[in-house]
Amino acid sequence: MTDLNTPARAMLEGKFYPGVGMIHSVEQPGLKWVVRVNGVYWTARAALTSYSFQAGDAIRPIARQGNTLLIEPA
C-alpha cells in the first residue's frame, strides 16, 4: 500500500518505490513490459537479463531510468 502523503515529485524523482505491481502486458518479449503500480502504468525492463515475465506476474520496482522502471519478481 502506498503512503498517500508521499509527494508525487518524490515518486517521480525515483526516491520512492511502492511495494509491488503487476505485469499488464508484454511489449517486447523478454525485453520490455507495461506494468501497473498503484494504478499507474509504466514501461518496464528487467533489472537482470535472467528475469522473464508474463502478463499477471507480480513485480517489484527497484529503480527508475527516465520513464522506465527496472523491475524484479515480487
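Any read-out appearing in this document is the output of simple, stated calculations on the displayed coordinates, not a laboratory observation. Note that this is a predicted model, so its numbers are computed, not measured. Using ideal geometry, Cβ is built from the backbone for each residue, glycine included, and neighbour counts are taken over all protein chains shown.
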Residues whose built amide H sits under 5 Å from the amide H of residue 59, excluding neighbours closer than 5 in sequence, are 21, 22, 23, 74
Rounded to one decimal in nm, the spacing of the 7 Å Cα→Cβ label points at residue 63 and residue 20 is 2.3
